[in-house]
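For reference, the structure is listed below as structure tokens.
What follows draws every value from the coordinates through simple rules; no lab data is involved. Quick caveat: nothing in here was measured; it's all calculated off a predicted structure. Here the Cβ positions follow ideal geometry from the backbone for every residue, glycine too, while neighbour counts run over all protein chains shown.
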Amino acid sequence: MANPNNVPLLDINRDNAPHQDEFVEALAKVVESGRFLFGPDVVELEREVAGYSQVENAVGCASGSDALLLALMALNIGPGDEVIVPSFTFFASVSCITRLGATPVFVDIRPDTFNVDVDKIAEAITPNTKAIIPVHLFGQCAEIDRICQIACENDIPVVEDAAQAIGAAYHSRPAGSWGAVGCFSFYPTKNLGGMGDGGMMTSYDAAMADRLRLFAGHGMRPRYYHQVVGINSRLDTFQAAVLRVKLRDLPNAVEKRSDIAARYSRLLSDANLVGDDQLTMPHQDPNAFHVWNQFAIRVAGGRRDDLRAHLSERGVGSEIYYPVPMHKQECFQYLKVDGSNLPETEKACAEVLNLPIFPSLTEAEQIQVVDTIANFYAASARMAA
Ligand SMILES: *Cc1c(COP(=O)(O)O)cnc(C)c1O
């Protein structure tokens with residue numbers, strides 16, 4: 001039986017519970033319609049996500065990973081091409097590059113936001129650079145205005161990995177509306193999470209959106225005539241129906257995440273746990289509207305793993321996003337990347353700890369998380385004394 005004192009990293013059922021009737025009603029309509037692919041909910045969701053992200057076009061696909069892959073396919077990325085990307089990210093930001101035979105060029109992150117360091121992007125550009133993939137990590141936009149500026153000066157398209165950042169904005173302009181393509185994921189743990197896999201690509205450019213749709217549908221147009229070698233990547237109608245219910249509630253869910261983040265910072269600071277030798281709170285870029293997909297702290301002094309074990313033993317969930325940078329992954333060793341210019345990436349992998357954050361997380365649960373952290377430090381202070 002679940003211990004009532006346990007605090008889960010994430011409780012999707014609890015978040016979903018208030019919408020159960022709406023889900024059942026929406027899904028029943030899909031069953032009755034018999035249109036399991038290309039149903040009206042897919043078209044409507046594309047319109048709604050485009051509206052929410054203030055961009056003209058949106059194209060559904062099977063996952064956030066496919067969204068990134070399709071974006072690079074539509075940009076004709078292939079062997080000999082270089083794509084600039086952070087190494088501190090989820091695998092899919094990079095596998096889309098290597099899968100097409102292109103070469104990822106890793107750039108370091110800023111220590112404060114964990115997002116890509118724009119000055120390092122400028123240094124990494126070569127005549128072979130064919131795309132830049134900034135990742136809006138943990139729900140906060142990278143400095144996408146400067147990134148687009150540099151990209152524009154060098155005539156290089158930007159593909160935004162906005163998998164964790166639907167509804168986020170920079171200078172009030174939404175994630176996914178800046179680059180040539182914006183890529184979203186509807187994986188269940190994302191801020192707009194489905195009940196399975198799903199993804200979407202956005203673009204201000206109608207021709208690009210058309211190309212994305214072509215590649216997502218086997219490059220087939222008209223039927224059985226294939227213009228390009230695409231893939232089969234569709235958002236199914238069941239997912240779209242569920243996602244439309246959740247999208248209606250997304251602004252409210254983001255507000256709750258934001259309140260939770262503010263409360264963690266307050267509670268941890270009140271407990272005297274914030275400081276260079278203990279915990280560092282997530283930094284908010286004043287130009288960014290953060291949607292808090294993750295609450296990522298740093299744990300100083302090489303104590304992250306001990307703190308995590310302490311939390312785990314006491315039923316408090318936490319996670320490490322991400323323990324191993326992409327340039328150190330086994331499958332990317334053939335790239336022979338020299339990690340010496342990625343010190344902040346490696347430091348972040350050693351220090352980052354993600355605390356529970358989801359809209360229905362209660363204040364009592366947050367207090368328990370903070371108390372459990374506090375007694376970790378109190379116990380080690382006693383040991384030292
Ligand atoms: C989740 C995620 C993806 C991939 O999305 P899927 O829908 O799981 O394929 C890509 N990039 C980042 C940064 C992610 O967090």
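Just a few scattered comments:
- Rg over Rh, two decimals, segment 23-75 (C-alpha only, Kirkwood Rh): 1.05
- For Thr129, residues with placed amide H under 5 Å, excluding near neighbours: Glu82
- Cut-off 11 Å (backbone N to label point 7 Å along Cα→Cβ of Val229), residues of segment 74-89: none
- Across segment 73-82, computed HN-Hα scalar couplings (Karplus, 6.51 cos²θ - 1.76 cosθ + 1.60, θ = phi - 60°) run 4, 5, 8, 6, 6, x, x, x, 8, 10 Hz from first to last residue, x flagging Gly and Pro.
- Burial order of peptide ranges 162-168, 25-31, 90-96 (average beta-carbon count within 10 Å, highest first): 162-168, 90-96, 25-31
- Shape call, the chain: gyration tensor on alpha carbons, a/c limit 1.5: oblate
- Note on Lys190: lysines with a C-alpha under 18 Å away, same-chain residues under 8 apart excluded, are Lys246, Lys256.
- A simple spin-label model places the labels of Asp306 and Asp112 3.0 nm from each other, with each point 7 Å out along Cα-to-Cβ.
- Euclidean distance between Cα centres, segment 3-49 to segment 296-325, Å: 31
- Between Asp119 and Glu153, full extension at 0.36 nm per residue minus the direct alpha carbon distance yields a gain of 10.8 nm.
- Annotation for segment 152-237: trypsin sites (Lys or Arg not before Pro) lying in DSSP loop with at most 13 further Cβ atoms inside 10 Å of their Cβ are Arg223.
- Spin-label pair Ser360/Val43, simplified geometry with 7 Å Cα→Cβ offset, distance in nm: 3.4
- Within segment 240-280: Cβ-based charge dipole about Cα centre, in debye rounded to nearest 20 (Lys, Arg +1; Asp, Glu -1): 440
- Gain on full stretching of the segment that runs from Glu313 to Glu330 - 0.36 nm per residue minus C-alpha separation: 3.1 nm
- When segment 186-289 is reduced to its Cα atoms, the Kirkwood hydrodynamic radius in Å: 17.6
- Sparsely packed loop sites in segment 283-361 (the trypsin sites (Lys or Arg not before Pro) outside DSSP H, G, I, E and B with at most 15 other Cβ atoms within 10 Å) comprise Lys336.
- Within the chain, DSSP assigns beta bridges of which about 60% are antiparallel (rounded to the nearest 5).
- Its DSSP H runs of at least 4 residues, each contributing -39,500 (n - 2.57), put the calculated 222 nm mean residue ellipticity of the chain at -12500 deg cm²/dmol, to the nearest 500.
- Averaging the Cα positions of each part gives two centres, and for segment 158-218 and segment 72-145 these lie 16 Å apart.
- Histogram of C-alpha separations across segment 81-145, 5 Å bin width, %: 4, 20, 31, 25, 15, 5, 1
- His19-Ala384 pseudo-label distance in nm [points 7 Å out on the Cα-to-Cβ vector]: 4.5
- Overall form of segment 88-203 per C-alpha gyration tensor (a/c, 1.5; a/b vs b/c): prolate
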